[in-house]
Each structure stands twice: as structure tokens, then as C-alpha cells.
Amino acid sequence: MLEVRSLRAGYGGTEVLRGLDLSVGAGEIVAVLGSNGVGKTTLNKVLSGVLRANDGEILFDGKTLSGTSSADIVKAGLIHVPEGRKIFPNMSVRENLELGSYRRGRNRRSANLERVFDTFPRLRERSGQAAGTLSGGEQQMLAIGRGMMAEPRLLILDEPSLGLSPLLVEEMFALIRRLNGEGLPILLVEQNVVQSLECASRAYILENGVFALSGSAEQVRNDPELKRAYLGM
Amino acid sequence: MYSPAIIAEAVVNGLMTGAVYALIALGLTLVYGVLHIINFAHGALLTAAMFAVWAVYVAFGLDPYLAILPLTPLFFGLGYAVQRFVIGPASHGSDSNILLVTLGLSIAIENALLAGFRSDTRTLNTDYGFQVVELGPLLLSKPRLIGFGAAVLVTALLWLLLSRTDTGKAIRAVAKEKLGASLVGIDVAHVYAVTFGLGCACLAVAACLLMPTFYVNPRIGQAFVLVAFTIVVLGGMGSIPGALLGGLFIGVVESLCGLFLGDSLGQIGIFLIFILVLLVRPTGLFGAKA
């Protein structure tokens, strides 16, 4: 579905991503893991068209996304739920969700709204409340719900477990499995190595702008270097 | 002292002037709320709109109220183009640049008008310019009453646009969360331009409502915009109900000060209130805490 080839990107003269190759197939959960400042968010910004790549190619469904505006990327169904949620704090929960279908899925807005409310009953209870007054977990639900409103064909989740309590982190990963169970391919970008490897089928470890390690979740989990550096074993 | 009827008339007169002030402030506050810049070209664009009303009246005999129909979309388009093709590209993403670009624009527009129309003051001679309506004991100017109704109607329409339509919601979304807006597929540059266009459309309507009772010369916009700034600060930067209520309030203050202190001192009340607001409640009546 998603195919990234020798991608290079950065800010001004500073190169952050130094040649990345990555793919996400239909129905897969693929994890991109790494600690702070290795380029995870930069990768997501390039994939969603907010930041231009310096070099390399991004193919979605066989079509190139290089130079495509973020609006057209959303229209194609590549939906990015950003780190830090980036919901609209001044607007109601319902309005936030409605805007999720601004560019895509507008015709089925009310049906999709029901579907999101069924997935997240808390959001239905708070549909009239200003989104900025929700708790962190609820805001994360809202951000994912807003992404679902666009009927994603591939969902990028950037740090969905960040800042959540351990219990909510469990719930978040259960939700990711459930969404994927319905056939939705997910690119999961996380710092939480253990739990991400549990639900992903394949994983890439990002270090200083290059993939230091990649393979099946099983392979990555058993890599001695990863165990030492990320799991402290 | 004055009789209650005279004071009541001054209050109603103030409300009627204030409604048009509110309309001008509305455009200013909308652009501030979304683009987070003070549009220094606001006054010059108002002057341009007033000259446009005068020009279509002189050239085609088009009544100023009917001129609302062609001039509002025209100024929307003009504002859209100015933001999309001049201010946006020239700013390179920095707010301080936008400030300078709008300041430059205002100088360019004012001087173009000065070159084209000279510094003469011009008025329209409509048959209804001096007509009055009797409302109980009050004698009210008919064109200003129409102005009041139209300004309130436009504010209500703008409110509906922002709260009910997808475009309006996109405007409010961009105002607070640009990245989030891009990620749901909102074209931020387009929304900026639409917002600027709406601000200019408000000015076109205000110009049409002003011209039957007011005059125009190339510097006239500045006087209104100074008052509009006060209203925006009083009502709360970026707040639409704030702009409407602030406008009405300022209109009444000006009218009452004019009555008690003499016409030439009418505006002193406005600026006293401006200073008081800055001292006591800098966020304004409806402003969010920074």
C-alpha cells in the first residue's frame, strides 16, 4: 500500500532522514520505533505532505505522493493522527469529528459519526463539550476518531500512547488491534517498544535518520542489540 | 440638563452608528483571530470600498444599498486575491512580515486613491439621505436605521457561516490549530485567503451603509479603523459577539460624549474607555486568556 524509497528530508540545511526504505502492506500493522529526536515525527510530516522531501520517492497505492499537497494526500486516504493530538480545542467534540470528513468521506458523515461514537462511547457523552476540556486519553480518542471520519485506507498513528496512564496505554493498543482487525493497515510510530512489537507484524528501528534494524516483529524482538539498547536486558 | 427624549435619541443614534463601527471591527477581528495579525490595510481598503460605492453611483446611478450586491462579492474576491497572491507569498510564514506587508499595502492604496481622486471630499446626494422615521417620541435618520438593521443582519449571517458551514468550521479550526487542520485536509492558505476575503466583504457592506450619510476622501478609512481597533480590544481580540457588542457600546459612548461635551470631543470617551480596558481587563469583554 505504502512504499517509501531512499527518502531524505530535513529542515533547512540539516538533514534528519538520511535515506529510508519502508513499506506497509495491506492489512498490516507496521511499527517504526525509536527514541526521541531520531526523526520519527519528521518521517510522518513528510508522509502527510506537511514537509517536503529532499529526495526519494513515496508511493501510495502505486501512485507517487512526491510534491502532493497534504489536502490531496488526505483525499487519497492516507490519514495521519499526529503526535500531541492537534485537535481543535475551541470547537466541540462533534465539530472536531465533522471536520475529520472535511476532505474525504463527507457523504457518509453521519453514518461514520455514529460508528466513531459506537467505538468511543465517551465521545458521544461529551459530543457538545469543547475538545480542549477533555482529558488526555479522551483527546487521543478524539484524534483517532477524527482520523476514522476520513475513512482511512491507511492510518498513521504518531505516538498514540504518549502521556497516557498504563491502563489507557493497554486500551490504546487493544484499539489499534481492533481497528487493524477490521482490515485497516496501520503505520504505528512509537517509543513504546515492548507493546508496539507485541501488536505489529513488522518493525523498523529508526536511529539517527536511518533504519538500524528491520524485519518481522519476532526477529526485531530477539535482536541482541535491541534487547540491550531498548529493553535493558 | 437634557430632556430624557434627547438623551434617548442620542443613545439610539449611537447604537445606529455603532452597528456600522461593529461591521468594520468585525472584519478586523476575524482576520486577527485567524491570521493572528493586525491588518493595517483595513482602513485603506474601507476607503477604497467607499470610493467604489461613490464611483458606481456617479457612473451608473447605482443606489448605494443596491451596490451591496455587486461590491460585496467583488471585495471578497479582491481580499482573497490580495491574501493569496500578495500577503501570503510576501510574508514567508513570519507574522512580523505580514504586518509590514499590510502597512505597505495601505500606503499604496491610499496614495493610489489620492492620485486618482485627488484629496477632495465627496458625498452622494440620495433623495433619502435626510429622511427621518418617527418612532414614538424619537426622530431617527432613515438611512442610519437601515444601516443598523443591515449591520446586525450581516453579523448574524457571518455567525451562521462560522458555526454551521464546513468552511466556517475550517476557519475556526485553522485559527487555533494549523497543523491539525492540514492533517484533516484543510488547505490553510485557502482558508487564510477566504478569511481575508470575508474581512474585505464586511468593509464593502459597511461602505455601502455609510455612504448615504457620510463623505469620502482618501484618508477617511483611518478615522474608522482607529475606532475599530478600540472595539476589537474592548470586545476581545478575535471575538465576533465582542465586536458587535463592543461596536454598539462605543457608538453609544461617542454619541453621549458628543451630547454632553460637544461634538468635537465625542471621541474622547472612546479613548478613555480604551485606556480603561487596557488597565482593568486587557483581554477584553469576550477575549480568551492568553
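Remark: B:His36, B:His92, B:His190, B:His42 ranked as B:His92, B:His36, B:His190, B:His42, counting other beta-carbon atoms within 10 Å and listing the fewest first.
Taking all C-alpha pairs of region A:85-146, those more than 18 Å from each other amount to 22 percent. Relative to the Cα centre, the charge distribution of region A:85-146, modelled as +1 at Lys and Arg Cβ and -1 at Asp and Glu Cβ, gives a dipole magnitude of about 300 debye. Dividing the convex hull volume of the alpha-carbon atoms in chain B by its residue count gives 135 Å³ per residue. Here the 3J(HN,Hα) profile of region B:73-82, calculated from phi with Karplus coefficients 6.51, -1.76 and 1.60 at θ = phi - 60°, is x, 4, 6, 4, x, 4, x, 4, 5, 4 Hz, Gly and Pro shown as x. Look at the dipole of region B:4-280 built from charges on Cβ: of B:Tyr32, B:Val184, B:Ala10, the Cα furthest out on the positive end belongs to B:Val184.
What number, in percent, do you get for the relative contact order of chain A if the mean sequence gap of Cα pairs under 8 Å and at least 6 apart is divided by its residue count? Relative contact order comes out at 27 percent. Tell me the net charge near A:Gly62. Cut-off is 15 Å between Cβ atoms, A:Gly62 excluded, with +1 for each Lys or Arg and -1 for each Asp or Glu. Taking every other residue near A:Gly62 into account, the sum is 0.
Taking the Cα centre of the protein assembly as shown as origin, sum charge times position over the Cβ atoms of Lys and Arg (+1) and Asp and Glu (-1), and report the length of that vector in debye to the nearest 20. About 200 debye. Bridging of A:Lys40 to lysines at a Cα separation below 28 Å is possible for A:Lys63, A:Lys75, A:Lys86, A:Lys227, B:Lys176, B:Lys178, once same-chain residues fewer than 8 apart are set aside.
The equivalent ellipsoid that matches the C-alpha gyration tensor of the protein assembly as shown spans semi-axes of 55, 24, 19 angstrom, in descending order. A Cβ-based charge dipole, computed about the Cα centre of region B:1-150 with Lys and Arg at +1 and Asp and Glu at -1, lands at about 180 debye. Sorted largest first, the spans of the alpha carbon positions of region A:2-150 along the three principal axes are 45, 31, 26 Å.
When each of the peptides B:71-81, B:208-218, A:122-132 is scored by the mean number of other C-beta atoms lying within 10 Å of its residues, the order from highest to lowest reads B:208-218, B:71-81, A:122-132. Label separation (B:Val58 vs B:Leu114): 1.8 nm, computed from points 7 Å beyond Cα along the C-beta direction. Put simply, when A:33-45, B:46-58, B:18-30 are sorted by average Cβ atoms within 10 angstrom per residue, most first, you get B:18-30, B:46-58, A:33-45. Each other residue within a Cβ distance under 13 Å of A:Gln129 adds +1 if Lys or Arg and -1 if Asp or Glu, for a net charge of +1. Look at the dipole of chain A built from charges on Cβ: of A:Gly145, A:Ile29, A:Leu179, the Cα furthest out on the positive end belongs to A:Gly145. Pairs of Cα atoms nearer than 8 Å and 6+ residues apart set the relative contact order; for region A:85-146 it is 56 percent.
Divide by every residue of the protein assembly as shown the summed helix terms, -39500 (n - 2.57) for each DSSP H run of at least 4, and state the resulting mean residue ellipticity at 222 nm, rounded to the nearest 500 deg cm²/dmol. The helix-only estimate for the protein assembly as shown comes to -18000 deg cm²/dmol at 222 nm. Across chain B, C-alpha contacts under 8 Å between residues 6 or more apart give a mean separation that, scaled by the residue count, equals a relative contact order of 38 percent. From the largest down, region B:148-290 spans 56, 38, 27 angstrom on the principal axes of its Cα atoms. Using the Cβ of B:Tyr21 as centre and a radius below 15 Å, the other residues enclosed give a net charge of 0, where K and R count +1 and D and E count -1. Placing unit charges on each Cβ (+1 for Lys and Arg, -1 for Asp and Glu) gives the protein assembly as shown a dipole about its Cα centre, and among B:Gly61, B:Leu279, A:Met91 the Cα reaching farthest toward its positive end belongs to B:Gly61.
Every number in this text was worked out from the coordinates using simple rules, so none of it is lab data. Source: prediction; values computed, not measured. FYI the Cβ positions are ideal-geometry reconstructions off the backbone, even for glycines, and counts take in every protein chain you see.
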